[in-house]
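Enquirer: Below you'll find the structure I mean.
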Amino acid sequence: MSSEQNNYHVPVLLHECVEALNILPDGVYVDTTFGGGGHSREILKHLSAKGKLIAFDQDADAKQNLPSDERLVFIPQNFRHLQRFLRAEGFAKVDGILADLGVSSFQFDTAERGFSYRFDGALDMRMNVNSGRTAADILNQESAATLQQIFGEYGEVRNAKTLAEKIAEVRFQKPFKTISDLLNVCEVVMKGDKHRYWAQVFQALRIEVNDELSALKDLLEQSAKVLNPNGILAVITFHSLEDRLVKNFMKTGNFEGEHIKDDFGNIERLFNVKTKKPIEANAQELKQNSRARSAKLRVAIKR
Ligand SMILES: C[S@@+](CC[C@H](N)C(=O)[O-])C[C@H]1O[C@@H](n2cnc3c(N)ncnc32)[C@H](O)[C@@H]1O
C-alpha cells in the first residue's frame, strides 16, 4: 500500500473481514464502501483472473484510490441502490458483500468537508457533495421539534430539547454557516464532557445529512436479495444505532429483531449468523489505529 493510500484511510479489521468473506477465487464480490480501497485491494489479492469485485462509494474523492485492475468495477453511487446498479452491470447474484460504514479518515480530516469539530470549516457533512442538504441547511431549516428528534435519536444528546431550541433562537440573528457557529451554541447549553457532547451532536447531524440509517436498511434488504445461497454478508459498524439494525436483520430478517414464523410455526430465516458476538479489533490493531476502537464486525451466511 502506498503512503498516499495509507493517509487516506487505514482499513479496520482487514484480515478479519477477508477471512469472514471466505473468498471463492472465481467469485463475484461487492465492497459497498470503497473509501481508500484497503479492503478492496485485499479482496482482489484473493480473486483469480476470473473473479470480479464491484466497489461502490458515493464520494467522488474515493476515485483517486482506484487501482488499475480489470477485475474491478467502480460504481460512484450510494449503496442504497445496490441491486439496481449490480443489475445494470450484469450481476444478478454475488458471493459476498462487505460494508465498512461511516466516513473515511480522509473525509474526517478534511476541514472543508465539515465532519469534524476539530476544524473550523463549512458545516457541510455530505459524503456526496453533489447532492442533498448540508448540516447548515438542516440547522437553518428544520423546526426545533425535528432538531430535537435528530439530536435525541441519532446522537443520544441528553438535553436535545434545550439545544434544539437554542439553535432555533440563534439562527434568526445569524444563520448557521460554519462549525464554530455550532460549537458556540453548544458551548452555551452543553452538559458534561465537552468533546463527548460535540461528538454526539456531530454524529446526529451526520446521520441526518446522509440519511445513514435508511441507506443501511436498504443495503441490508437488497443484500438478502442479491446474495447467492452460502454468500457472505460482512458489515462493520461504528455505533450502536447501526449495529442494532445489522444484528437484528441478520438474525431475523427484520430491523425490529422479531422472529417471523411461517404457517407451520417454523421461524423463517434469511441468514445463518456466524458471529453471535461481533468481532472487534485486537490489542495490536487498537494500538496502531484508534479508529478501530468502536468497530464491530458482524457476519452472516445467506441461506
Ligand atoms: C469507513 S470508509 C471505508 C474505508 C474502506 N473500507 C477502506 O479500506 O479504505 C467508508 C466509505 O464509505 C462511503 N460511504 C458511506 N456511506 C455510503 C453510502 N450510503 N453509499 C456509498 N458510499 C458510502 C464513504 O464515502 C467512505 O468513503
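Enquirer: Identify the residue in the stretch 51-64 that is part of a loop (DSSP other than H, G, I, E, B) and within 12 Å of the ligand (Cβ to nearest atom) and, among all such residues, is least open to solvent (accessible area, probe 1.4 Å). Break it down into steps so the answer makes sense when it comes.
Expert: Within the stretch 51-64, the first condition is being part of a loop (DSSP other than H, G, I, E, B), and the residues that meet it are 51, 57-59.
Okay, now just the ones that are also within 12 Å of the ligand (Cβ to nearest atom), so 57-59.
Working: Asp57: 24, Gln58: 44, Asp59: 6 Å².
Taking the candidates together, the pick is Asp59.
Enquirer: Go through the stretch 4-32 and give me each residue that's closer than 20 Å to Lys302 by Cα and in a loop (DSSP other than H, G, I, E, B). Spell out the reasoning first.
Expert: So in the stretch 4-32, the residues closer than 20 Å to Lys302 by Cα come out as 16-32.
Hits for the stretch 4-32 are Asn22, Ile23, Leu24, Pro25, Asp26, Gly27, Thr32.
Enquirer: Please pick out the residue among Ser48, Ser105, Ser40, Ser131 that is out of contact with any strand residue (DSSP E or B) (no Cβ under 6 Å at 6 or more places or on another chain), open to solvent by less than 40 Å² (accessible area, probe 1.4 Å) and within 15 Å of the ligand (Cβ to nearest atom).
Expert: It is Ser105.
Enquirer: Residues that are among the acidic types (Asp, Glu) and free of Cβ contacts under 8 Å to residues at least 24 places away in the same chain: find the helices (runs of 4 or more DSSP H) completely inside the stretch 110-226 holding 2 or more of those.
Expert: 160-173
Enquirer: Something else about it: Tell me, yes or no, whether the stretch 170-186 has at least one residue that is open to solvent by less than 20 Å² (accessible area, probe 1.4 Å), over 22 Å from the mean Cα position of the chain (by Cα), over 27 Å from Arg244 (Cα atoms) and not aliphatic (A, V, I, L, M).
Expert: The answer is yes; a qualifying residue exists.
Enquirer: Can you name the number of the only condition in (1) farther than 21 Å from Asp31 by Cβ; (2) open to solvent by 40 Å² or more (accessible area, probe 1.4 Å) that Ala88 fails?
Expert: Here Ala88 meets the rest and fails (1).
Enquirer: Does Leu82 satisfy being in a strand (DSSP E or B) and not assigned by TED's automatic domain parsing to the domain that holds Ile179?
Expert: Taking the combined requirement at face value, the residue does not satisfy it.
Enquirer: Limited to the stretch 108-128, what total is found for residues that are in contact with a Leu (Cβ under 7 Å, 6 or more places away or on another chain) and either in the same structural domain as Glu42 (by TED's automatic domain parsing) or within 13 Å of the ligand (Cβ to nearest atom) (or both)?
Expert: Matching residues across the stretch 108-128 total 1.
Enquirer: From the residues in the stretch 12-37 that are within 15 Å of the ligand (Cβ to nearest atom) and either open to solvent by 50 Å² or more (accessible area, probe 1.4 Å) or out of contact with any helix residue (DSSP H, G or I) (no Cβ under 8 Å at 6 or more places or on another chain) (or both), which one is farthest from Val235 (Cα to Cα)?
Expert: Among those residues, the one meeting the criterion is His15.
Enquirer: Any chance you could count how many residues in the stretch 134-158 are buried (at least 16 other Cβ atoms within 10 Å of the Cβ) and either under 23 Å from Gln58 (Cβ atoms) or in contact with a His (Cβ under 8 Å, 6 or more places away or on another chain) (or both)?
Expert: The total comes to 10.
Enquirer: Please verify whether the stretch 65-73 includes one or more residues that are part of a strand (DSSP E or B), more than 9 Å from the ligand (Cβ to nearest atom), within 27 Å of Glu221 (Cα to Cα) and touching a residue at least 12 places away in the same chain (Cβ under 8 Å).
Expert: Yes: one or more hits.
Enquirer: Further, regarding this structure: Go through the residues of the stretch 274-287 one by one and say whether even a single one is assigned by TED's automatic domain parsing to the domain that holds Ala99, assigned to a strand (DSSP E or B), open to solvent by 30 Å² or more (accessible area, probe 1.4 Å) and not aromatic (Phe, Trp, Tyr).
Expert: The answer is yes; a qualifying residue exists.
Enquirer: Counting only residues that are of a type in the set (D, E, K, R) and either in contact with a His (Cβ under 7 Å, 6 or more places away or on another chain) or part of a helix (DSSP H, G or I) (or both), which one in the stretch 85-102 is farthest from the ligand (Cβ to nearest atom)?
Expert: Arg87
The values are calculated or read from the model by the stated rules, or taken from the named source; none is laboratory data. Keep in mind it's a predicted model, so treat the numbers as computed, not measured. Every residue, glycine among them, receives a Cβ derived from its backbone with ideal geometry; neighbour counts consider all protein chains shown. Heavy atoms of the whole protein, side chains included, go into the accessibility calculation; ligands, DNA and RNA do not. Shrake-Rupley method; radii C 1.70, N 1.55, O 1.52, S 1.80 Å.
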